[in-house]
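As structure tokens, the structure follows; a few thoughts come after it.
The values are calculated or read from the model by the stated rules, or taken from the named source; none is laboratory data. Worth saying up front: this structure is predicted, and the values here are computed from it rather than measured. In this analysis, Cβ positions are derived from the backbone assuming ideal geometry, glycine residues included, and neighbour counts consider all displayed protein chains. We work out accessible area using only protein heavy atoms, side chains counted, and drop any ligands, DNA or RNA first. Shrake-Rupley method; radii C 1.70, N 1.55, O 1.52, S 1.80 Å.
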Amino acid sequence: MKIVALVGSNRKESFNKKLAVYMQNRYKTAEIEILPIEKLPMYNQDDELTPPEIVTEIKKKVAESDGVLFVTPEYNHSIPAFLKNAIDWFSRVDKVMTGKPVMIVGGTPGALGTARAQMHLRQILNSPGISALTLPGNEVFIGAIHEKLDESGKLVHEPTVQFIDTVMDNFINWINKQK
């Protein structure tokens, strides 16, 4: 099973990037590839029919994947601009997200664990140009993430690990049902 991960942070010590790498290493039943969406140019309708090569490459990987894992921080109660930019590219011309199974996770030092950002992301993913199939009833909001990762970026808070294990199993099973 091939899952692509889209991380909404390009910060060197990003908690969400660490979370994505942790999930990539932990869940070997699925091959998780973290895509470099921070390298995408800003979406421009003038370029959508002849996009830069990086856009074509990333869109192809999304299209060929079995599912998409969004790992997002929360910026001003919403998602980061370059995550939205990637989604904008995905929504145009060949619309690679249509019908694609999606799982969303996110962590923040705050108490709400990206709940507002994920709410916005679910709205965006439900829009007509995207029409992704977001895993229902399995929200992963990791509050106080800075206290749940060790120095190497490994998630060490056992209740959170067990919860994500369950949600990841649910996601894989759900993808298999979509096939």
Legend entry - GNM top mover of Gly67, Gly106, Gly137 - the chain, alpha-carbon springs below 10 Å: Gly137
Inset, instruction - Taking all protein chains together and a probe of 1.4 Å, list Thr56, Thr72 from the most accessible to the least accessible. - result: Thr56, Thr72
Legend entry - the chain pair-distance distribution - Cα-Cα, 5 Å bins, rounded %: 1, 8, 18, 23, 22, 15, 8, 3, 1, 0
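Take the alpha carbon gyration tensor of the stretch 136-179, find the square roots of its eigenvalues, order them as a ≥ b ≥ c, and report rounded if a/c is under 1.5; if not, report prolate when a/b exceeds b/c, else oblate.
Values: a/c = 3.21, a/b = 2.36, b/c = 1.36.
Prolate.
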Legend entry - Of all accessible heavy-atom area on the stretch 74-179, the percent that carbon and sulfur account for (1.4 Å): 52 percent
Inset, instruction - Return the long-range amide H neighbours of Glu33 (sequence gap of 5 or more, or a different chain), with a cut-off of under 5 Å between placed amide H atoms. - result: Ile3, Val4, Ala5
Legend entry - Nearest 10 degrees, 0 to 90: helix 15-26 Cα axis against the chain principal axis: 80 degrees
Inset, instruction - Work out the charge dipole of the chain with +1 on the Cβ of Lys and Arg and -1 on the Cβ of Asp and Glu about the Cα centre, then indicate which of Phe82, His146, Met97 is farthest towards its positive end. - result: Met97
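Report, to two decimal places, the Cα Rg of the stretch 53-133 normalised by 2.2 N^0.38 Å (N = number of residues). Can you show the working numbers first?
On the way: Rg = 12.6 Å, N = 81, 2.2 N^0.38 = 11.7 Å.
Normalised Rg, Cα atoms only: 1.08.
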Legend entry - In degrees, nearest ten, helix 81-90 long axis to first principal axis of the chain (Cα): 50 degrees
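Shape verdict for the stretch 1-105, please, from the Cα gyration tensor: rounded (a/c under 1.5), prolate (a/b greater than b/c) or oblate. Walk me through the numbers on the way to the answer.
Details: a/c = 1.90, a/b = 1.27, b/c = 1.50.
The shape class here is oblate.
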Legend entry - Surface accessible to a 1.4 Å probe, Arg92 within the full protein complex, Å²: 80 Å²
Inset, instruction - Using a 1.4 Å probe and counting only protein heavy atoms, arrange Glu33, Glu147, Glu13 so the residue with the most accessible area comes first. - result: Glu147, Glu13, Glu33
Legend entry - Per residue accessible area in Å² of the chain, where ligands, DNA and RNA are left out and the probe is 1.4 Å: 49 Å²
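With each run of n ≥ 4 DSSP H residues scored as -39500 (n - 2.57), what mean residue ellipticity at 222 nm is computed for the chain after dividing by its residue count and rounding to the nearest 500 deg cm²/dmol?
Values: 5 runs with 66 residues, N = 179.
Helix-only estimate at 222 nm: -11500 deg cm²/dmol.
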Inset, instruction - Measure nothing but the geometry: give the 0 to 90° angle between the long axis through the Cα atoms of 158-178 and the longest principal axis through the Cα atoms of the chain, rounded to 10°. - result: 30 degrees
Legend entry - In Å², nearest 10: area of Phe141 left accessible to a 1.4 Å probe: 90 Å²
Legend entry - Residue-level accessible surface for Leu133, protein heavy atoms, 1.4 Å, Å²: 60 Å²
